[in-house]
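Chemist: Supplied in structure tokens, the structure appears directly below.
The values are calculated or read from the model by the stated rules, or taken from the named source; none is laboratory data. Just so we're clear, the structure is a prediction, and the values are computed from it rather than from any experiment. Note: ideal-geometry Cβ built from the backbone for every residue, glycine included; neighbour counts use all protein chains shown.
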């Protein structure tokens, strides 16, 4: 996880615009890390569709993106992340099987 911006890293004038810029930079770093984790989990799910930890990683990533984007007043991103959470909720606890192209991975076409 990215470390929050320290107040000593903010520009000396301390203006609201500078603070917003620093917070946005932290948000972008955090979002990039979550998206990379989610990408890795999606790729791994192709070969390990029964791995609940991978589904949890995806859900947590979407949850974090939703919360952070909502806090920073990015409503479209927050709505998109919430939609991801709704879809991913179906797979939590493996109550709904993960499939690729309408079939379970490692299953003959």
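Chemist: Is it true that some residue in region 19-38 is assigned to a helix (DSSP H, G or I), at pLDDT 90 or above, out of contact with any strand residue (DSSP E or B) (no Cβ under 6 Å at 6 or more places or on another chain) and closer than 23 Å to residue 95 by Cβ?
Modeler: Checked region 19-38: at least one residue is assigned to a helix (DSSP H, G or I), at pLDDT 90 or above, out of contact with any strand residue (DSSP E or B) (no Cβ under 6 Å at 6 or more places or on another chain) and closer than 23 Å to residue 95 by Cβ.
Chemist: Another question about this same structure. Is it the case that residue 52 is at negative phi, at pLDDT 95 or above and either exposed (fewer than 15 other Cβ atoms within 10 Å of the Cβ) or in contact with a strand residue (DSSP E or B) (Cβ under 9 Å, 6 or more places away or on another chain) (or both)?
Modeler: Details: at negative phi: yes; at pLDDT 95 or above: no; either exposed (fewer than 15 other Cβ atoms within 10 Å of the Cβ) or in contact with a strand residue (DSSP E or B) (Cβ under 9 Å, 6 or more places away or on another chain) (or both): yes.
No: the conditions fail for residue 52.
Chemist: Go through (1) exposed (fewer than 15 other Cβ atoms within 10 Å of the Cβ); (2) assigned to a helix (DSSP H, G or I) one by one and return the number of the condition residue 97 breaks.
Modeler: That leaves (2) as the condition not met.
Chemist: Could you tell me which of the residues 58, 77 is within 10 Å of the chain's Cα centre (by Cα) and modelled with pLDDT of 95 or more?
Modeler: Details: 77 fails: within 10 Å of the chain's Cα centre (by Cα).
It is 58.
Chemist: When residues of region 39-84 are filtered for being free of Cβ contacts under 8 Å to residues at least 40 places away in the same chain, outside any loop (DSSP other than H, G, I, E, B) and under 22 Å from residue 99 (Cβ atoms), how many remain?
Modeler: Total meeting the criteria: 17.
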